[in-house]
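Let me begin by presenting the structure, written as structure tokens, before commenting on it.
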Amino acid sequence: MSQSTSNLKDKLPPDCQVPAHIAIIMDGNGRWAQQHGLSRLEGHFEGRKATHRVVEACAELGVQALSLYAFSAENWARPGDEVSGLMTLIEQSLREELDDLIGGDIRFIASGRHEELPESLQRTLSEAEARTVDNDGMVLNLLINYGGRAEIVDAVRALAGRVQSGELAPEDIDEAALGAHLYAPELPDPDLLLRPGGEMRVSNFLLWEIAYAEIVVMPVLWPDFTGDHLVEAIEEYNERQRRFGRVPDAE
Ligand code: FPP
């Protein structure tokens with residue numbers, strides 16, 4: 001465990017509740033690069049270091065699931081060298097971090113339309129999933145070639161297939177049935193949706209799953225994000241009153 005995250009738990013107030021599932025839109029690499037006179041890809045390289053810090057910090061704080069938006073279905077529209085650079089960076093990072101994930105008892109899963117990714121990345125994702133399948137610490141869910149609408153479309157297609165085969169009646173389709181066909185049905189819905197970089201958008205991220213998530217937007221760009229920012233976000237989350245559509249509890 002690195003120095004910077006070694007006493008994060010002590011920084012949280014004693015009665016502070018750590019969200020079971022945190023979902024992060026890792027935003028701001030491009031602006032960070034521009035501010036430092038670097039290429040966008042160099043911004044993503046720096047973003048990778050923040051990703052490492054935050055995975056470590058979440059595991060230390062006892063977060064049960066961490067979902068990270070690494071590449072959206074819309075990101076293919078970026079310049080070709082940025083897209084191929086990101087694919088290489090994600091694959092290389094995963095290869096380099098795999099032993100640490102195994103050692104840290106972290107289970108890795110990947111969500112998205114992976115059949116459209118480069119084959120070597122597909123193999124790396126499958127290998128990381130297979131080699132961490134028995135880990136029972138935090139689940140790290142990496143979203144690659146992911147779109148929230150596409151995920152819902154894929155779930156609906158799967159349900160339609162089951163109806164067509166006579167396995168399922170249309171009236172049996174409810175929220176639980178649809179939820180069971182999402183990419184990572186075993187995960188609880190995110191409690192906290194965290195967006196560094198200051199933009200007030202959800203950007204097609206986990207549209208179904210964030211129905212009742214608390215949203216925390218922070219101005220800090222992703223490459224500058226540290227464990228202390230995570231603590232700050234968790235503190236803000238603790239100030240929220242989660243009502244799930246109900247009225248506030250009586251005093
Ligand atoms: C958004 O910032 C970021 C991405 C599209 C890529 C996220 C990738 C990483 C953080 C690299 C590391 C990933 C792993 C899995 C190790 P942006 O480029 O949209 O920034 P901008 O809004 O400032 O332009």
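Coordinate-derived values only; no laboratory data. Note that the coordinates shown come from a computational prediction; the quantities given were computed from them, not determined experimentally. Every residue, glycine as well, gets a Cβ built from its backbone with ideal geometry; the counts of neighbours run over all protein chains shown.
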| request: Quick one: divide the alpha-carbon radius of gyration of the range 27-116 by 2.2 N^0.38 Å and tell me what you get. | output: 1.15
| If you bin every alpha carbon distance in the range 149-210 into 5 Å steps from zero, what whole percent lands in each bin? | 3, 16, 24, 20, 15, 10, 6, 4, 2, 0
| said: Applying a 10 Å radius around every beta-carbon, put 80-93, 23-36 in order of their mean neighbour count, most first. | reply: 23-36, 80-93
| Separation of alpha-carbon centers, the range 1-75 and the range 127-179, rounded to whole Å | 25
| query | What is the spin-label model distance, in nm, from Asp99 to Glu115 if the labels are put 7 Å beyond Cα along the C-beta direction? | reply | 3.6
| Which residue fluctuates the most in the chain, going by a Gaussian network model with Cα springs under 10 Å, if the choices are Ala176, Ala128, Ala70? | Ala176
| task | Calculate the translational D of the range 64-137 in whole µm² s⁻¹ from Stokes-Einstein, where the hydrodynamic radius comes from the Kirkwood formula applied to all Cα pairs, the temperature is 37 °C and the viscosity 0.692 mPa s. | result | 250
| How long is the gain from Ala160 to Val133 if the chain were fully straight, where each residue apart is worth 0.36 nm and the alpha carbon distance is subtracted? | 6.8 nm
| said: Need the full-extension length gain, Lys9 to Asp228, defined as separation in residues times 0.36 nm minus the C-alpha distance. One decimal, nm. | reply: 77.8 nm
| query | DSSP loop chymotrypsin sites (Phe, Trp or Tyr not before Pro) in the range 201-250 with at most 12 other Cβ atoms within 10 Å of their Cβ, which ones? | reply | Tyr212, Phe244
| Among the trypsin sites (Lys or Arg not before Pro) within the range 102-179, which fall in a DSSP loop and have no more than 16 other Cβ atoms within 10 Å of their own Cβ? | Arg113
| query | Beyond 28 Å, what percent of the Cα pairs of the chain remain? | reply | 35
| task | Only loop residues by DSSP count here, and only those with at most 11 other Cβ atoms within 10 Å; note down the GluC sites (Glu not before Pro) in the range 147-241 that meet that. | result | Glu167, Glu186
| task | Determine the relative contact order of the chain: mean sequence separation of Cα pairs under 8 Å and six or more apart, normalised by residue count, in whole percent. | result | 28
